[in-house]
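All remarks here apply to the structure that follows.
The values are calculated or read from the model by the stated rules, or taken from the named source; none is laboratory data. The structure presented is a predicted model; accordingly, all values stated were derived computationally and were not measured. Cβ coordinates were reconstructed from backbone atoms using ideal geometry, including for glycine residues, and neighbour counts include every protein chain displayed.
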């Protein structure tokens, strides 16, 4: 607690030491989350970082009773994979909707002794899983980005699977079934339907608008085939036909010949002459003057 307080002195931290799997611990845990006046939940989100199924079931039950959203996290026994899961009563699966295979098989997890199982989880796997949990908690509470209902981490393959886990209509927890019915009623209410239609209309209107409505510099984009088809047949991009270009070149040639045959038959500068010849012509002109 002291370390967290030193990092952010503005944070108010409440510390509890209890075994939430006992009857007394269950009541104390629920009371720590409840508003003493209303009895409703006084927190925005519960983060679960426990290491056994029994404790997870306790958190699941308390959050169902308080209609409280929570996030579950865990690291596998082989220490090379982990997961985080968002549980919203009635909208996503509760922890008893899809129990782990071992629990569903009726095996007591405390009796499990698996060959090749790591005695202690890898700090790297635990750190990555904890980072994913904290990141999704921030996105959930600050309302930015998207929060996946389930994110896994498979360290051996650098794989992060995501999936939606829908609630089980046949869940063994009656509170979960009641929450599912309440969520369906909210989803199909006239207010919810109108809100979805308004959001869809706003999205369609935004998609219909040009990407850049203002064009300060008057920049236009023209397809290459449109630019070529804009010029008449036999005409170059500059607007001069091939015939006109040949005629102009011919006229320029005649004019050049006339300039080259100046007084005295001296060749003009445009002809192939040497610098020495030009200097001699210039010296003769100076002497004649």
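Just name the residue that is nearest to the chain's Cα centre (by Cα) out of those in the stretch 143-183 that are farther than 29 Å from residue 81 by Cα and surrounded by 13 or more Cβ atoms within 10 Å (Cβ to Cβ). Among those residues, the one meeting the criterion is 183.
Taken together, the criteria exclude residue 139 from residues that are in a loop (DSSP other than H, G, I, E, B) and under 24 Å from residue 74 (Cα atoms).
Scanning the stretch 143-159 for residues that are under 20 Å from residue 92 (Cβ atoms) and without any contact (Cβ under 8 Å) to a residue 60 or more places away in the chain gives 143, 144, 145, 146.
One residue is enough: does the stretch 182-199 have a residue meeting the conditions within 20 Å of residue 91 (Cα to Cα), assigned to a helix (DSSP H, G or I), free of Cβ contacts under 8 Å to residues at least 12 places away in the same chain and touching a helix residue (DSSP H, G or I) at 6+ places or on another chain (Cβ under 7 Å)? Yes, some residue in the stretch 182-199 is within 20 Å of residue 91 (Cα to Cα), assigned to a helix (DSSP H, G or I), free of Cβ contacts under 8 Å to residues at least 12 places away in the same chain and touching a helix residue (DSSP H, G or I) at 6+ places or on another chain (Cβ under 7 Å). When 219, 172, 165 are checked against the criterion of being at pLDDT below 95, touching a strand residue (DSSP E or B) at 6+ places or on another chain (Cβ under 9 Å) and not in a helix (DSSP H, G or I), a single residue qualifies: 165.
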